[in-house]
Structures are given as C-alpha cells and as structure tokens.
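Engineer: Sharing a structure here in structure tokens format.
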Amino acid sequence: MANFYKKYNVKYMQPNFVFSNKLKEPKLKQEQYIFVAKLVNAIKAGREIVYMDETSVNMWNFRRRNWMSRSAPMKVTLCKDRGCGLTIFGAISNKRPELKYLIAKSTNKEDTVNFFEKLKREWEGFWNVIVVMDNHRAHHSHVVQDLLNKDGVDLMFLPPVSSPLNPIEKVWSCLKHHWTRRLTELNGNIVES
C-alpha cells in the first residue's frame, strides 16, 4: 500500500495537533479521580445520572481531511451565505433509553433554563437525579442552579478539560460527523482545482 501512495503521490492530510499539558497537572488528575469516584458511588447507590451538554452546528461545517493528490489538492468552495447556526441542548441518562434535546439559538442561561424545564415536563420523575454538566457560564448561573436545586436535583460539574468523562460528547461527535458529511453531499461543494 505504501508503494501506491508514493507512486500516485497521495497523502492523507491531517491537522497539526497541539496537546495541552493540563492533564499532567497532579491537581487536575486528582479532581478527575474524585469526580469519577463520586460518580461511581452514585451509580452503585442506584442514582439516576443525567449527562447534559450543548453543541452547535452550522451550514459551513466541512470535512477538514480527505484523501487527495499532493500535487493537485482538492479545492473546497464554501458558500458566502453561511446561513444561521443551531445550538442543540441534549441529555442522556443511565436509566432512560432516549436522548432528550432542544434546538435553540444560543447557549445563554434562558435557553438552558428552557431545556431543563422541557426535561422536567417530559421525563417523569426528574428529581432526585444527578445532572453532570461542564463549566459553561450558563450552567453556573443562579437562575439555572436555583431551578434545579428547588426540585432536588444534585449538580456535578466536570473538572476542566475533562469532556471525555461526559458520554453525551460521543453523541455530539457522531451528530457532527453525519451533519458535515450530509452537507458535503447536499451542496456538492468539493470540486477539483
């Protein structure tokens, strides 16, 4: 296979990754350990864990890597009229089979409150649960915390740079992959130079 790549001058282009040293910090590792230990104890105790997060998708997502000739790389044409982006709030639970979501315009505290009010309406027994969230500014707002605390919801905030500890991140990864792939197919926006 390597001879094929050399013969046809083909390369799989990948981004340059820059890694953070934050995960090597002992304090952060300790925070992650404590977080996971609390989560495991809650699951052993039979508590429902609701993993919540939000993501944004837009009309200008595109595939950043592709097989192409080194001598004649593909040209990707993007539309100048990008359209609007969408924010999707979502939650999954260790005790419920479905994903709950809300499409909104932003990730502000009002839209976050709207999402949790929807969860309370649609998920029977949405109290005495633990909600796991990242450290987004809206999640720490008094309005959001008061709404959840008055219903007996316990909050657990992920340690910094610990998004892999939130399983809904995998859902967002799949969604964005399919979204980007479908946009490319619909727009036919990859043309040879």
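The values are calculated or read from the model by the stated rules, or taken from the named source; none is laboratory data. The structure displayed is predicted, hence computed values, not measured ones. Note: ideal-geometry Cβ built from the backbone for every residue, glycine included; neighbour counts use all protein chains shown. Side chains are part of the model used for accessible areas, which takes the heavy atoms of the whole protein and leaves out ligands, DNA and RNA. Shrake-Rupley method; radii C 1.70, N 1.55, O 1.52, S 1.80 Å.
Engineer: About its Cα centre, what dipole magnitude does the range 114-186 give when the only charges are +1 on Lys and Arg Cβ and -1 on Asp and Glu Cβ, stated in debye to the nearest 20?
Structural biologist: Computed about the Cα centre, the dipole is about 300 debye.
Engineer: If you find the alpha carbon centre of the range 144-175 and of the range 93-120, how far apart are they in angstrom?
Structural biologist: 11
Engineer: While we're on this one: Can you work out ³J(HN,Hα) from phi for every residue in the range 135-145, in order, using Karplus 6.51 cos²θ - 1.76 cosθ + 1.60 and θ = phi - 60°, giving whole Hz and x for Gly and Pro?
Structural biologist: 9, 4, 4, 5, 5, 8, 5, 4, 4, 5, 5
Engineer: Now, a different point. Checking the a/c ratio against 1.5 first, then a/b against b/c, what shape does the Cα gyration tensor give for the range 96-179?
Structural biologist: rounded
Engineer: For H136, H177, what's the largest-to-smallest order of accessible area, 1.4 Å probe? Mind showing how you got there, number by number?
Structural biologist: Details: H136 55, H177 90 Å².
Greatest to least solvent exposure: H177, H136.
Engineer: Can I ask one more? Tally Lys/Arg at +1 and Asp/Glu at -1 over every other residue whose Cβ is under 13 Å from the Cβ of D146; what's the total?
Structural biologist: That sum, taken over residues with Cβ under 13 Å, equals 0.
Engineer: I've got another one for you. Which order do M133, M156 take by accessible area at a 1.4 Å probe, largest first?
Structural biologist: Listed by decreasing accessible area, they come as M156, M133.
Engineer: Once the whole set of protein chains is in place, how much accessible area is left on S163, using a 1.4 Å probe, in Å² to the nearest 10?
Structural biologist: 60
Engineer: Between K105 and K118, what length comes free when the chain is fully extended (0.36 nm per residue of separation minus the Cα-Cα distance, one decimal in nm)?
Structural biologist: Extra length from K105 to K118 when fully extended: 3.1 nm.
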